[in-house]
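One structure is given here, and the rest of the page talks about it.
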Amino acid sequence: MDKSIYILLLISIICSCENKENKNSNLKESNDTPYATVYTIPPELHRKTMDSLRAKVITTGDTNAFFILSKAYRTVELKENDIYYYAYVMAIKYHFTPAYFELFYILSGGGTKETLNKQDICSRKMALYYLLLAYERGDQTVKPYVLNLFKGQKVPQSNFYLRNFCN
C-alpha cells in the first residue's frame with residue numbers, strides 16, 4: 001500500500017515536470033529584431049506568458065522578456081504604445097539601450113522625420129532625447145535614424161533635449 005502511494009506520487013511529479021518542459025518548448029525562435037533572438041508566443045500560452053514576461057521585465061530587467069513583449073505589443077491584438085511603460089522601466093532602471101530606441105519610436109509616432117515633426121514639441125524633444133541617448137551609448141541600430149534626422153547638422157548631445165523637454 002505504501003509503495004503504491006510513493007509510486008503514484010513519483011509518477012505525478014514526473015508528469016508535472018514533463019508538462020512544464022512541453023510548455024517552454026512551445027516558444028518559437030524568431031530572428032527579425034536587430035538586437036537579439038526573440039521568441040514568439042503561441043495563443044494558448046499568451047495570457048500567462050505575457051504576465052510572466054511583464055513581471056520579469058519589471059523585477060529583473062530580463063532583456064529577452066523585453067524583446068518578446070516589444071514584439072507582442074506590435075501585433076494587431078495589443079496596442080503598440082502599451083509597451084511604453086516596460087520600455088521606460090528597462091531604459092531608466094536597467095539602462096538597456098534598445099529600450100531607449102523603443103521610447104523614441106513610440107514618442108515620435110513611428111520613428112520617421114515626418115511622424116516626429118507631427119508630434120507636439122514636448123513629445124518631439126523627449127523622443128529626440130531617448131534617440132540620442134541610445135546613440136551616445138553606442139547602439140549602432142539607431143545611427144541611421146540620427147544621421148537622417150540631423151542630416152547636414154552637428155548631432156547634439158542628448159542632455160540638450162533633457163534640459164529643454166517642454167520649454
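Throughout, read-outs are computed from the coordinates displayed, never taken from laboratory work. Since the structure is predicted, the reported quantities are computational estimates derived from the model, not experimental observations. FYI the Cβ positions are ideal-geometry reconstructions off the backbone, even for glycines, and counts take in every protein chain you see.
Quick notes on this structure:
- With a threshold of 22 Å on the Cα-Cα distance, the over-threshold entries among 125/154; 93/113; 118/151; 113/151 are 93/113.
- Packing, taken as the mean count of other beta carbons within 10 Å per residue, orders the peptides 146-155, 120-129, 47-56 from highest to lowest as 120-129, 47-56, 146-155.
- Reference-scaled alpha-carbon Rg (2.2 N^0.38 Å with N residues) for the range 95-167: 0.97
- Shape call, the range 70-136: gyration tensor on alpha carbons, a/c limit 1.5: oblate
- Computed label-point distance, nm, for sites residue 75 and residue 121 using a 7 Å Cα→Cβ extension: 4.1
- Take the Cα of residue 137, step 7 Å toward its Cβ, do the same at residue 154, and the gap between the two points is 2.5 nm.
- For residue 60, the shell of other residues with beta-carbons less than 15 Å away shows a net charge of +1, using +1 for Lys and Arg and -1 for Asp and Glu.
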